[in-house]
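None of the figures in this text is laboratory data; all of them are computed from the coordinates on show. Not measured: the values here are computed from a predicted model. We place every Cβ from the backbone using ideal geometry, glycine too, and count neighbours over all the protein chains shown.
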Amino acid sequence: MEKTKASLVVMSHLSDAQECIGVSMSQATANQHINFVKYLIFHLGGNLTNEIDADDWWNRFLKSATNIPDKCKELYEKNGMAAVFEYAEELISNGNNVTYSNCKPCETSTPHLFGECLVCGQ
Ligand SMILES: [Zn+2]
């Protein structure tokens, strides 16, 4: 496994994000790269001087991001909307990129991840 200085990994993903916005106009992919940078900075405690395995971190990031909607669906079915809100608070305090915005089907402000409502999945 190859190790790269964390600050270079951050620069590289920010460049990817810029390219997505400027060339392919893919806002979702650009956001994913930016979210990865946030995830990395958070989990490294802001220290970008160490060498890290960039691929390993990227895979961990993708895995954590794709598991969240499934977990929320399960929580909602078992314990209702309040359980999803509670979990969302935990995710936010752990540095995940969950944000609140208005959801039409839910008729209220709900936690979202990558533009998807974590309560109803819309
Ligand atoms: Zn919703």
Compute the distance in nm between two label points, each set 7 Å from the Cα along the Cα-to-Cβ direction, one at residue 43 and one at residue 77.
-> 2.7 nm
Using only the alpha carbons, work out the radius of gyration and Dmax of the range 1-50 in angstrom.
-> 11.5, 32
Cysteines, the chain, no other Cys beta-carbon under 4.7 Å | 20, 72, 120
What is the list of residues in the range 63-84 whose amide nitrogen lies under 12 Å from a point 7 angstrom out from the Cα of residue 120, following Cα to Cβ?
-> none
Among all the lysines, which ones have a C-alpha under 22 Å from residue 71's C-alpha, if same-chain residues fewer than 8 places away are not counted?
-> 38, 63, 104
Ordered by residue, what ³J(HN,Hα) values in Hz, to whole numbers, does the range 14-20 give under the Karplus form 6.51 cos²θ - 1.76 cosθ + 1.60, where θ = phi - 60° and Gly and Pro are x?
-> 5, 5, 4, 4, 4, 5, 4
Using helices alone, what [θ] at 222 nm do you get for the chain, with -39,500 (n - 2.57) per DSSP H run of 4 or more residues, divided over all residues and rounded to the nearest 500?
-> -19500 deg cm²/dmol
Treating the angle as unsigned and between 0 and 90°, give the value, to the nearest 10°, between the Cα long axis of helix 54-79 and the longest Cα principal axis of the chain.
-> 0 degrees
Debye, to nearest 20: dipole size of the range 4-117, +1 on Lys, Arg Cβ, -1 on Asp, Glu Cβ = 100 debye
Note, ³J(HN,Hα) from phi for the range 21-37, Karplus 6.51, -1.76, 1.60, rounded to Hz, x at Gly and Pro = 6, x, 9, 8, 6, 9, 5, 5, 5, 4, 4, 4, 5, 5, 5, 5, 4
Normalised per residue, the volume inside the convex hull of the alpha-carbon atoms of the chain in Å³ amounts to 105 Å³
